[in-house]
Amino acid sequence: MNPDSVRREWAERTGAYSPEYYAHLGPNWVSEALRETLVERVGTDASVLELGCSSGRHLAHLAEAGFSDLHGVEVNDEAFAVLAGEFPALHATGQFYHDAIESALPTFADRAFDAVFSVETLQHLHPDAEGALDHVVRVTDDLLVTVENEGPAGGENGTGAEGGTGREGVNYVDGEFPLYYRDWGAVFADRGMVEVESEAQKRATRREFVHSSSRL
């Protein structure tokens, strides 16, 4: 599957894993873990960007906790209509960008956001679009949090791996769309970030990073 096909798959997604699907699930334990981390690390006055915000369930939880400078990038246009219906206060006060991550991030200034986070989103970034990861680091000021699947390939609901094994493979979830396994600690260490916390959480691993020049 090429990068355009991956983007189109998520831009047109309905049913399972769609914006409406996640809105109906609502905030969860991942949302709460993110809230605790962001309150501790950067505080509620921080500007926060979510990569792949879908219909906004994690950002809505942050808004309820007192965060007011909230931003989200999402490729699926339907997400914003769902967000408006399910989380109207967030829709009215947040800043949202309808675009692919690899297209949106280059438009932001250096260190534009105090905190940037992703939840099972960067794992769907095609290898040909990995230049976006440089921009993830560039636009992050104080804190980067990733909650991403790191393998092994061929796990539950998958159909096997191509192009590598373990954390370097790709798995087709439900036989439909690709999940690219990466060692996210190494990915961002190679880009000058320092990992300050990590925790295995069910199928994903939560990692917290800061710039090597400014440790929290």
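The values are calculated or read from the model by the stated rules, or taken from the named source; none is laboratory data. This is a predicted model, so every value here is computed, not measured. All Cβ positions, glycine included, derive from the backbone under ideal geometry; neighbour counts span all protein chains shown.
Right, residue 82: surrounded by fewer than 23 Cβ atoms within 10 Å (Cβ to Cβ), in contact (Cβ under 8 Å) with a residue 40 or more places away in the chain and out of contact with any Cys (no Cβ under 7 Å at 6 or more places or on another chain) or not? Considered against the rule, which asks whether it is surrounded by fewer than 23 Cβ atoms within 10 Å (Cβ to Cβ), in contact (Cβ under 8 Å) with a residue 40 or more places away in the chain and out of contact with any Cys (no Cβ under 7 Å at 6 or more places or on another chain), residue 82 comes out as yes.
Out of the residues in the stretch 39-50 that are surrounded by fewer than 23 Cβ atoms within 10 Å (Cβ to Cβ) and outside any loop (DSSP other than H, G, I, E, B), state the one that is nearest to the chain's Cα centre (by Cα). Write out each step before concluding.
As a first pass, look at the stretch 39-50 and keep what is surrounded by fewer than 23 Cβ atoms within 10 Å (Cβ to Cβ): 39-47.
Of the ones still in play, those that are also outside any loop (DSSP other than H, G, I, E, B) are 39-41, 47.
Working: 39: 18, 40: 20, 41: 18, 47: 16 Å.
Once the filter is applied, the top-ranked residue is 47.
Residue 157 passes every criterion in (1) exposed (fewer than 14 other Cβ atoms within 10 Å of the Cβ); (2) modelled with pLDDT of 75 or more apart from (2).
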